[in-house]
Amino acid sequence: MSTAYKNRIQEFKVALSEENINLKTLRELCFNGIPFEGGIRALCWKILLNYLPLDQSLWESFLKKQREVYSQFLKEMIIQPGIAKANLGLSREDVTMEDHPLNPNPDSRWNTYFKDNEILLQIDKDVRRLYPDMAFFQRPTEYPCQLILDPQNDYETLRRRVEQTTLKAQTVNRNRSGVTNVSSPGKALNLYPSNEYEGMNEIVGPIYYTFATDPNSQWKEHAEADTFFCFTNLMSENRDNFIKSLDDSQCGITYKMESVYSMLKDKDLELYLKLEEQNIKPQYFTFRWLTLLLSQEFLLPDVIRIWDTLFSDEDRFHFLILVCCAMLILIRDNILAGDFTMNMRLLQDYPISDVHTILTKAKELQDNL
């Protein structure tokens, strides 16, 4: 470990030791990358994502309350419904003249059950395909949720519900290009998220990984609950990207995708005109970049480094647009020399892996706004 890096770690320790943390100072430190050592990154993310209060004297009581709230969520959403299902079931005797599996009434018990199962199927698929090549995501957690594992809770698990449902129905989806897909739940999904639930695993994954690899066991033990609240906070800022009815509004994903091209037009007109000439629309590639915060474009350590900077910027989602614009400018020579097919391949499988270069270029664009 170099002397410069040791000094940097010390700077973070000083900033994080203040009774009232100076958010401006912390943001400036985090913008250039956060050390993993000593759980510094995990702690900084909890602050930057507006989870931990800046007043450290409040942390103990705040965390106790939040973790109790999370346990209550588990009881209400998983344990209690599972117990009811185990005791009563949804079987032939539940079919009545008033309520039956084909009942279109939105208040129907069966209708609710099927909708819940559709979401569970999506979650199950997302969990299985999240970083399948990384050992961390394939092995059991060090701190499994005791509430879920408690043998006193005789309930139908979510896994059991998914197993029972997988082969029972087809899934009909209309993606954002207007194409209707009919497929069985077991089939592979489209490259892009096509509903409000798909893709959220790509956002929650790096957060959970960062918290669950914290060297401090007292923090690591509660990685699941802390991830839930940090993810919720982040999605509360980013949720409009996942709501189809807002796609074409000023807060929707279409506007943000077009903002990448608007910025590119201002920064590199020749490159912008080349993409326009080849009819390469921003939604062909920036949809995934923006909704998933670039989590599918780079290896996990690089995603985490990008997120250090994104989370530390006061206007993080505007900085994300700058990063996307920087990514285009950094491959301008390839795009200017390529045809439609070559350029689409470039944009779908981004060739530059040095995220430091990308972030430096994005900061340069920001400073020249």
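The values are calculated or read from the model by the stated rules, or taken from the named source; none is laboratory data. Predicted model, so just to flag it, every value in this text is computed and none were measured. We place every Cβ from the backbone using ideal geometry, glycine too, and count neighbours over all the protein chains shown. Only protein heavy atoms, including side chains, enter the accessible area calculation; ligands, DNA and RNA are left aside. Shrake-Rupley method; radii C 1.70, N 1.55, O 1.52, S 1.80 Å.
Given labels modelled 7 Å from the Cα in the Cβ direction, how far is it in nm from Asp55 to Glu270?
In this crude label model, Asp55 to Glu270 measures out at 5.7 nm.
What net charge is computed for the residues neighbouring Leu26, neighbours being all others with C-beta under 11 Å from the C-beta of Leu26, Lys and Arg scored +1, Asp and Glu -1?
-1
Could you state the accessible area per residue of region 243-368 in Å², with a 1.4 Å probe and every protein chain left in place?
Per residue, region 243-368 has 44 Å² of solvent-accessible surface.
With a ≥ b ≥ c taken as the square roots of the eigenvalues of the C-alpha gyration tensor of region 186-344, please select rounded if a/c is under 1.5 and otherwise prolate if a/b is larger than b/c or oblate if it is not?
In terms of gyration-tensor shape, prolate.
Out of the total accessible area of region 217-279 (probe 1.4 Å, heavy atoms of protein only), what percent is carbon and sulfur?
On the way: 1480 of 3220 Å².
With neighbouring chains kept in place, the figure for region 217-279 is 46 percent.
In nanometres, what is the gap between the two model label sites at Glu314 and Val69, each 7 Å from Cα along Cα-to-Cβ?
According to this spin-label approximation, the distance is 2.6 nm.
At 7 Å along Cα-to-Cβ for each site, give me the label-to-label distance between Asn20 and Phe136 in nm.
Between Asn20 and Phe136, the label points sit 3.5 nm apart.
Hey, any idea what % of region 1-61's accessible area is carbon plus sulfur with a 1.4 Å probe?
Carbon and sulfur: 51 percent of the exposed surface of region 1-61.
Starting from the Cα of Lys13, draw a straight line to each of the lysines and keep only those under 23 Å, dropping any in the same chain fewer than 8 residues away.
Lys24, Lys46, Lys220
How many percent of the accessible area of region 306-349 is carbon or sulfur, using a 1.4 Å probe?
Percent of accessible area from carbon and sulfur atoms in region 306-349: 49.
Based on the Cβ-Cβ distance of Phe114 and Asn279, what FRET efficiency does E = 1/(1 + (r/R0)^6) give at R0 = 45 Å, to the nearest 0.05? Walk me through the numbers before you get to the answer.
Details: r = 41 Å, r/R0 = 0.90.
Computed FRET efficiency for Phe114 and Asn279: 0.65.
Going through the cross-link list Lys244/Lys281; Lys281/Lys361; Lys244/Lys274; Lys115/Lys244; Lys65/Lys125; Lys265/Lys363, which pairs have a Cα-Cα distance over 26 Å in this structure?
Lys244/Lys274; Lys65/Lys125
I'd like the accessible area for Ser17: 1.4 Å probe, protein heavy atoms, all chains in place, Å² to the nearest 10.
Here the residue's solvent-accessible area equals roughly 80 Å².
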